[in-house]
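Here, each number is a calculation from the coordinates, and none is a lab measurement. Here the structure is a predicted model, which means the values were calculated and not measured. Virtual Cβ from ideal backbone geometry, glycine too; neighbours counted across all protein chains shown.
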Amino acid sequence: MRALRIGGWANLAIAAAHIVLLVWPWTVFGWVGIEHEMRELAEQGAALPYLVTLITAGFFLVFGLYALSGAGDLRRLPLLRSVLVLIAVIYVLRATLAGGIADVLAGDVKQSVFAAIALLIGLCYASGAVAHRRQQSAATGADTWRTGPAISQGEESRA
């Protein structure tokens, strides 16, 4: 569950950074490489870049809370295992298909670092989801991860 704690706190830090850095939005947008897209968005409404940033921070906050819930630090949240897997997939896709591999091949160091961070966080979530599943399987005495629902001896003879 240590991996989930690391991933969870990383997401909470990213959420906080999104909010704090709204003090210097255009500088930050330029630094991370999205200034052009945010200026286009601002043409449709001056508040939209800020709103998109706040919504993004909200997603990171929820991701962080789910990780901490999976680690046992918070109460169990709905659909915990499924959401942990979904977050892991999102991060791994961000690290690989959504520019990550292309950025590495193009030699874009900054975007490569962002992709590496996304991959590490995604692996924290994947590792945590597997550990969470194993912990639940051990508690119930069944390994439903690999074999499906456990069948009792009486039911097995009837099958």
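Computed quantities for the displayed model
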quantity: Max mean-square fluctuation residue, GNM over the chain, Cα-Cα springs under 10 Å, options Ala131, Ala102, Ala15; calculated: Ala102
quantity: Normalised contact order of the chain, rounded percent, pairs of Cα under 8 Å and 6 or more residues apart; calculated: 27
quantity: Highest-first arrangement of 74-80, 119-125, where packing means the average Cβ count within 10 Å; calculated: 119-125, 74-80
quantity: About the Cα centre, charge dipole magnitude for region 2-141 (Lys/Arg +1, Asp/Glu -1 at Cβ), debye; calculated: 860
quantity: Per-bin percent of Cα-Cα distances, region 2-141 [5 Å]; calculated: 2, 10, 16, 19, 18, 15, 10, 6, 2, 1, 1, 0
quantity: The chain: DSSP helices with Cα axial extent of at least 15 Å and average Kyte-Doolittle hydropathy no lower than -0.5; calculated: 2-20, 48-70, 80-96, 109-140
quantity: Estimated distance in nm for a label pair at Val109 and Ile34, the labels positioned 7 Å out from Cα along Cα-to-Cβ; calculated: 2.3
quantity: Point-to-point label distance, Thr140-Ala116, nm (Cα→Cβ direction, 7 Å offset); calculated: 4.0
quantity: Over region 21-98, equivalent-ellipsoid semi-axes from the Cα gyration tensor in Å; calculated: 30, 15, 11
quantity: Nearest-0.05 FRET efficiency for Arg76 and Ala42, computed from C-beta distance (R0 30 Å); calculated: 0.15
quantity: Separation of alpha-carbon centers, region 1-40 and region 60-88, rounded to whole Å; calculated: 19
quantity: Residue with peak Gaussian network fluctuation, the chain [Cα springs, cutoff 10 Å], from Gln135, Gln44, Gln111; calculated: Gln44
